[in-house]
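To start, the structure itself, in structure tokens.
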Amino acid sequence: MRFLSASAQRSVFCQLALPLLVLTPASIALAQLPGGMHAMAAPALAQESYSSFASATPAADPADSVCARQPVGSVISSPSQLTSTNGVLETTFSFKRVVDQAGLTRYCYISNTGVQAPTLRVNPGDQLIIHFVNDIPASAAVKAQAMPGMVMKGDAAAAASSDCSATSVGATSTNMHFHGLNVSPACHQDEVIHTIIQPGASFDYTVQIPANEPSGMYWYHPHPHGFSQSQVLGGATGIIIVEGIQNFNSAVAGLPERILVIRDQALTSAEQKISGAQPGDDLSLNYVPVNYPKYTPGVIQTPPATKEFWRVANTSANSLINLEVNIGATHPTLQIVATDGVPVTDGSGNPTTLSAQNVVLPPGARVEFILVTPNAGQGAQLIAQTWNNGPQGDADPGRPLANIVASASTSDGGLPRTSGTPVTIPAVNHSLPPLRFKALDSAAATVQRNLYFSIKSDFSQFYITVAGQTPAPFSMDGPPNITVHAGTVEQWTISNHSLMDHAFHIHQIHFRTLAINGSPVTDYTERDTINVPHWSGSGAYPSVTLLMDFSDPDIVGTFVYHCHILSHEDLGMMGSIQVLPSTSPAPTLTSISRKYGAYGAVVTVNGTNLGATQGNSTLTFNGVPASSTSFYTMTWSNTSITTTVPARATTGDVVVTVAGNTSNGFGFVVYPDPVITRISPTSGPAGTVVTVTGTALMDPQGQGLVTLNNVTVPFTGTQSNTALRVIIPKGATSGELRVHASGAGDSNAASTFTVN
Ligand SMILES: [Cu+2]
């Protein structure tokens, strides 16, 4: 249901358009598969194509110089990307707004490198640093009008909430949400309730990606309560890829990767006058317009009959996408590798894929799948198939998102490129990483809760209510609706008491689907967003029953759950949850094997209540978590942990955190990494004396060690921290000569020595 017309969004907030009544399609046979995937009979669009409607090429729109959009019918190109280096992805985002010639308000993120909505590629354990500037001129700030549950002020006078304590929000206020990332809701990370960045103000985000973050597709978008819809409809969304999915499922290793970003935007005033069933909103694919009903779809250029890895995000504000591929009159099988950022497992920790012919993506959801492209010359389309959102829901008519054109001569059209080479998923380069959600395979919920979606009869307020509480729109200054403790899992049943679909979404965590309409399902996929179908007006309320994962001790604080149809969220369909630290016994450290060391040095701590296995517990060096590396596998027991000093560690306390409780600390001095500037000679037989020069080669404790192919090379003569002398032993083999400043352990200081 569309509540704000395009013009109303710009001028008057809270003004409601009349609800559109949409006839329920006479017969859509749905067989519900686990977790909201549906097999759909009788695809109405299989033979239908809009490609014959050529659109006139519009004149250049000056708004494109601020927030560019692609011409209708363009080749679908993957977004430009920014990649982390040495554990950090740091960039600057400007948030911009412009009104285009069609009268629509566009919003966008522009990086300091001039890229709109770049794909942010990070690794598990990385830091994502965004220096954010709300570049909407302060003079453009409008006087905000109070809506239910919001305290507002004219935002021109307000300052950025550098401490996340804002109590007012306006149409030109903004912030960022990192949708799906299992990160902290702390200030400067993924806090959206009181982080309000006013026009002209700046704010720094430093988001710590967990070391066990699943590799997959996430996304970012604005989340200022009351104004999320207009900014997301305006196009301000982008993708985050957590790298390494080939290590979770080798089926994608080496495949070409295609990133497809679905957005929606308000209908123009001209489109609103078209008679007949119009969609609630128009769509676009990678900013190429999908303007129902007459348009030339964009073009996905592929090589013929080739396996590709398609990563699709529905970053719409309001539009459910019932995603499907047509090749000729058939629907090829999509081999699903990940849902909502999390690689699929079989319930026993083994990677697997799911097969489906269509995937229901409520706003916010992602799916990543392997597709075999059409043969050359075969007609094919990527489709948003018809969806019935209910008698009071928006229309989501079937729409081609793009034509898929397979040709041997355009073998890599539209794929992202680095130095002219199309990007493919790397080869497997790590054994199966720790599975963040493996404990859910055997977890039992300790608490059961019931929540329900409902709507005030005049459509002025939307609610998500914990059963037993009084329905009320979200209040940014209200107390939490739900309180839980970290280290637990809960079972929530979400029912829909309204005549339109809603999309349940919760920040910071993922959930599994246990039952649909009360009937148990076997579903090992993790999700952060799920569609809850509309009530018919009689009989039982449709529901989903979810296993909610609050086990991560780092996810402590207050955050939100809401309907991800943003017009509903803005009208109050959101609640807050406070996660308190765990009540389990606090860990205690009794000894540590060393209190100094450089990167890679091996360290053992002994103590009590450390937990039998690591699970979501952490051992940190001044806040930087240690983890297993290719060199050293961490060991963890209830009384002892052995690991190595992590990269980027700095001097400070070593502590262990178990289920949200942090131990006493041991002070630990981190020495600088050794750097080799020269070795001489670089080759020679056994007995050769080699001089290694550089900096910090030996730590202040005199612990330096040199290895060749991981075998110790003995010292000879005198040593200093800028020059080491070693003698190549009998039996040595050519390879990497490394300096370990703190004795045995990992080291990045390497040079090649050839034994001859
Ligand atoms: Cu909703």
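The values are calculated or read from the model by the stated rules, or taken from the named source; none is laboratory data. Treat the numbers as computed from the prediction; the structure is a model and nothing was measured. A quick note on method: Cβ atoms are made from the backbone with ideal geometry, for glycine too, and the neighbour counts reach across all protein chains shown. The protein model used for the area step is the full one, side chains on, heavy atoms only, and it has no ligands, DNA or RNA in it. Shrake-Rupley method; radii C 1.70, N 1.55, O 1.52, S 1.80 Å.
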Among the residues of region 101-127, the number that are out of contact with any Ser or Thr (no Cβ under 7 Å at 6 or more places or on another chain), at pLDDT below 95 and closer than 30 Å to Lys273 by Cα is 1
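So that you can scan it fast, the table gives a plain yes or no per residue for (1) at pLDDT below 95; (2) open to solvent by 10 Å² or more (accessible area, probe 1.4 Å); (3) among the polar types (S, T, N, Q); (4) touching a Phe, Trp or Tyr at 6+ places or on another chain (Cβ under 6 Å):
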position: Pro214; (1), (2), (3), (4): no, no, no, no
position: Trp219; (1), (2), (3), (4): no, no, no, no
position: Gln229; (1), (2), (3), (4): no, no, yes, no
position: Gly234; (1), (2), (3), (4): no, no, no, yes
position: Ile245; (1), (2), (3), (4): no, no, no, no
position: Asn249; (1), (2), (3), (4): no, yes, yes, no
position: Ala253; (1), (2), (3), (4): no, yes, no, no
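Against the definition (within 23 Å of Gln278 (Cβ to Cβ) and either of a type in the set (Gly, Ala, Ser) or open to solvent by less than 20 Å² (accessible area, probe 1.4 Å) (or both)), how does Leu334 come out, yes or no?
No.
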Cβ-Cβ distance below 7 Å, separation of 6 or more or different chains: which pairs start in region 483-504 with a residue that is closer than 22 Å to Pro520 by Cβ and without any contact (Cβ under 8 Å) to a residue 24 or more places away in the chain and end on one that is among the polar types (S, T, N, Q) and within 13 Å of the ligand (Cβ to nearest atom)? none
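Checking the structure you have, find out if any residue of region 647-656 is within 30 Å of the chain's Cα centre (by Cα) and basic (Lys, Arg).
Yes, because at least one residue in region 647-656 is within 30 Å of the chain's Cα centre (by Cα) and basic (Lys, Arg).
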Is it the case, given these coordinates, that Ser640 is in contact (Cβ under 8 Å) with a residue 24 or more places away in the chain and in contact with an Asp or Glu (Cβ under 9 Å, 6 or more places away or on another chain)? no
Looking at (1) modelled with pLDDT under 95; (2) farther than 24 Å from Thr352 by Cβ; (3) of a type outside the set (S, T, N, Q), find the lone condition where Val489 falls short. (2)
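Hey, among the residues in region 482-511 that are part of a strand (DSSP E or B) and open to solvent by 10 Å² or more (accessible area, probe 1.4 Å), which one's farthest from the ligand (Cβ to nearest atom)? Reasoning before the result, please.
Taking region 482-511 as the starting set, the residues that turn out to be part of a strand (DSSP E or B) are 482-485, 488-496, 502-506, 511.
Next, from what is left, pick out any that are open to solvent by 10 Å² or more (accessible area, probe 1.4 Å): 483, 485, 488-489, 491, 493, 495.
Numbers: Thr483: 24, His485: 29, Thr488: 27, Val489: 25, Gln491: 22, Thr493: 17, Ser495: 13 Å.
That would be His485.
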Is at least one residue of region 177-196 modelled with pLDDT of 90 or more, in a strand (DSSP E or B), within 21 Å of the chain's Cα centre (by Cα) and crowded, with 24+ Cβ neighbours inside 10 Å? yes
Residues in region 373-388 that are open to solvent by 10 Å² or more (accessible area, probe 1.4 Å) and either touching a Leu at 6+ places or on another chain (Cβ under 6 Å) or at pLDDT below 95 (or both) total 8
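Sort out which residues of region 658-667 are crowded, with 22+ Cβ neighbours inside 10 Å and either on the phi < 0 side of the Ramachandran plot or modelled with pLDDT of 85 or more (or both), and write them in order of number.
Of all residues in region 658-667, those crowded, with 22+ Cβ neighbours inside 10 Å come to 658-660, 663.
Result: Val658, Ser663.
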Would you call Asp699 outside any strand (DSSP E or B) and buried (at least 21 other Cβ atoms within 10 Å of the Cβ)? yes
Given (1) among the β-branched types (Val, Ile, Thr); (2) away from the ligand (no atom under 16 Å from the Cβ); (3) at pLDDT 95 or above; (4) over 19 Å from the mean Cα position of the chain (by Cα), number of the condition Thr465 does not satisfy: (2)
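Just to be sure I understand, how many residues within region 99-123 are part of a loop (DSSP other than H, G, I, E, B), surrounded by fewer than 20 Cβ atoms within 10 Å (Cβ to Cβ) and out of contact with any helix residue (DSSP H, G or I) (no Cβ under 8 Å at 6 or more places or on another chain)?
In the first step, residues of region 99-123 are kept if they are part of a loop (DSSP other than H, G, I, E, B); the result is 100-104, 112-115, 117-118, 123.
Then keep just the ones that are surrounded by fewer than 20 Cβ atoms within 10 Å (Cβ to Cβ); that gives 100-103, 112-115, 123.
Then drop every residue that is not out of contact with any helix residue (DSSP H, G or I) (no Cβ under 8 Å at 6 or more places or on another chain), which leaves 112-115, 123.
Looking only at that region, the number is 5.
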Of all residues in region 629-650, how many are under 17 Å from Phe668 (Cα atoms) and either assigned to a loop (DSSP other than H, G, I, E, B) or open to solvent by 50 Å² or more (accessible area, probe 1.4 Å) (or both)? 6
I'd like the full set of residues that are at pLDDT below 90 and under 39 Å from the mean Cα position of the chain (by Cα), limited to region 710-742. Asn710, His740, Ala741, Ser742
Per the filter on region 255-277, residues in a loop (DSSP other than H, G, I, E, B) and out of contact with any Phe, Trp or Tyr (no Cβ under 7 Å at 6 or more places or on another chain) are Ala266, Leu267, Thr268, Lys273, Ile274, Ser275, Gly276, Ala277
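Please pick out the residue among Ser355, Ser348 that is free of Cβ contacts under 8 Å to residues at least 24 places away in the same chain, open to solvent by 10 Å² or more (accessible area, probe 1.4 Å) and within 30 Å of Ser442 (Cα to Cα).
Working: Ser348 fails: free of Cβ contacts under 8 Å to residues at least 24 places away in the same chain.
Checking each option against the conditions leaves just Ser355.
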Of all the residues that make up region 575-599, how many are among the aliphatic types (A, V, I, L, M) and farther than 29 Å from Asn481 by Cβ? 3
What do you reckon, is Ile455 under 30 Å from Gly328 (Cα atoms), surrounded by 19 or more Cβ atoms within 10 Å (Cβ to Cβ) and modelled with pLDDT of 85 or more? no
Those residues of region 197-212 which are open to solvent by less than 10 Å² (accessible area, probe 1.4 Å) and under 23 Å from Asn86 (Cβ atoms) amount to Tyr205, Val207, Ile209
